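To start, the structure itself, in structure tokens.
The values are calculated or read from the model by the stated rules, or taken from the named source; none is laboratory data. Nothing here was measured: the structure is a model prediction, and the numbers come from that model. Reconstructed Cβ throughout: ideal geometry from the backbone, glycine too, with neighbour counts over all protein chains shown.
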Ligand code: ADP
């Protein structure tokens, strides 16, 4: 207890906080309790903002998204045992998305290991499948080196989740202040510089890439959240605009170039990937989201040029050409190489025209659906109203958080991204329940931006109690819940198949119909709106976007609108 110590002594809790501050950490997310409460308090005293959550799962999702948005590891603090287990959701999500995050957990007393101590768990073993690096500070003198190594590993190469274990006895050990400073300096000096260094780019590969693009008939530039993380937007814009090559963002790559750009192939996605002969893929994995780069979605002869920070990723996909390097650097070099001997497809190039025509056709088809005011709401009508309200905000554009089956799928097509890193969604893992954590992270990372969540009632329900966190920190977050009364909406079972003693139970997919989610926020002093018509929704959005206060807009959706499993029905 600090009150009984001489002021010159530093305990483990303080030392962790000091090291985090020295490493440049300025925000932390977590849930306090034994044995880490004082760690959070010390961090705050050192100028770190600690955002306290109700559940480590949401706090972990927040830390992962914070890492993506700021390019500095998001830090999650948890208690031992169950706290650590809840935090695994965030840690695994960070690693799956290749986002930098550090989870720090207190753990039980080392001398009681194996004897059933309070919240005892072999936490290093538990985090292993979900982290790229982990360390345990078995003694207070090991704290500085451990803290700096988990931070450096989180951002090294392909970013991901790392873990630091601090046993409660270590958190209570003390060293004197000058010794603490000495340990910190020593650890800073012996930081592994190789970890932070970017890979050197092989120039001959840049030339090969340019040659492939130059001789292609139907080139395409695809970019993903790795390019967004690398802040490659200016380089990509220059490359696209100087060559006239159409581009296709992945869901979270949206906004690196505006969706409204004349070379955007988003609305002509099937044509673009089905017919391109050379695809420059930057910071995006050829995983399920890009149909593994295989037929029938892609042509079997397509030549891939993959740009990725991760050598193993390139080996795994075995492309025609792989360039290991930072997306911003590589795209910049490709553009520079082209500048010396420029080429441009031009507006009348058959490939560019085909993409533009298809885009026009598909956009027109969608607009027909969108302009209709359908009540009770389907997904399209409210989505159009929300799209227009978000566009009306202008710059800096709001960060859109999206999850749910139909809500996310339809939102991806309808909502317009005009600025980089303004979309956060279920991501590589298809993680549901990320919504409120992402909202809080986005708001903390970009205080000048409004944050708008567009999510299904099921996604919202995973972490609905975090609306209290929104109110407590007064974050400008507007959560729009598409309330169709359950997962995928109403009871879609064949009545003949519903038998057995529990046949009268609600369907596993259904929630209480007409749930008043907007009142949930009002319980904490936030603002709630119920919207079932276009006018109600428009008015709620105007008020919420002007007030910039924590708000939930509960949008009543026809329970039978949309499809079961959204766009992924084939996987059901
Ligand atoms: P998306 O979901 O948008 O398709 P992915 O998460 O699948 O994107 O892919 C992102 C890729 O970007 C990962 O393979 C990761 O290794 C890579 N990456 C991360 N940081 C960088 C960077 N600075 N430069 C290039 N590639 C990066």
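Just checking, does segment 494-507 include any residue being modelled with pLDDT of 95 or more, surrounded by fewer than 22 Cβ atoms within 10 Å (Cβ to Cβ) and in contact with a strand residue (DSSP E or B) (Cβ under 9 Å, 6 or more places away or on another chain)? The answer is no; no qualifying residue exists.
Within segment 120-141, does at least one residue satisfy the condition of being touching a residue at least 60 places away in the same chain (Cβ under 8 Å) and under 18 Å from residue 103 (Cβ atoms)?
Yes - at least one qualifying residue is present in segment 120-141.
Candidates 139, 194: the one that is touching a helix residue (DSSP H, G or I) at 6+ places or on another chain (Cβ under 8 Å) and within 26 Å of residue 21 (Cβ to Cβ) is 139. The residues of segment 290-318 that are surrounded by 13 or more Cβ atoms within 10 Å (Cβ to Cβ) and near the ligand (Cβ under 10 Å from one of its atoms), listed by number, are 290, 306, 307, 308, 309, 310, 311, 313, 314, 316, 317. Of all the residues that make up segment 244-257, how many are away from the ligand (no atom under 16 Å from the Cβ) and either under 19 Å from the mean Cα position of the chain (by Cα) or buried (at least 24 other Cβ atoms within 10 Å of the Cβ) (or both)? Qualifying residue count, segment 244-257: 2.
For segment 126-199, please list each of the helices (runs of 4 or more DSSP H) lying entirely inside it that holds at least 3 residues being within 16 Å of the ligand (Cβ to nearest atom), modelled with pLDDT of 95 or more and under 31 Å from the mean Cα position of the chain (by Cα). Result: 143-155.
Take residue 58 and decide whether it is touching a strand residue (DSSP E or B) at 6+ places or on another chain (Cβ under 6 Å), more than 16 Å from the ligand (Cβ to nearest atom) and more than 19 Å from residue 22 (Cβ to Cβ). Here the answer is no, as residue 58 does not meet what is asked. Taking the conditions exactly as written (out of contact with any helix residue (DSSP H, G or I) (no Cβ under 6 Å at 6 or more places or on another chain) and part of a helix (DSSP H, G or I)), does residue 336 satisfy them or not? Yes: the conditions hold for residue 336. Search segment 12-35 for residues being more than 24 Å from residue 443 (Cβ to Cβ) and buried (at least 22 other Cβ atoms within 10 Å of the Cβ), and hand back the single one that is modelled with the lowest pLDDT. That would be 35. Determine whether residue 457 is over 14 Å from the mean Cα position of the chain (by Cα), over 28 Å from residue 263 (Cα atoms), crowded, with 22+ Cβ neighbours inside 10 Å and in contact (Cβ under 8 Å) with a residue 12 or more places away in the chain. Criteria met by residue 457.
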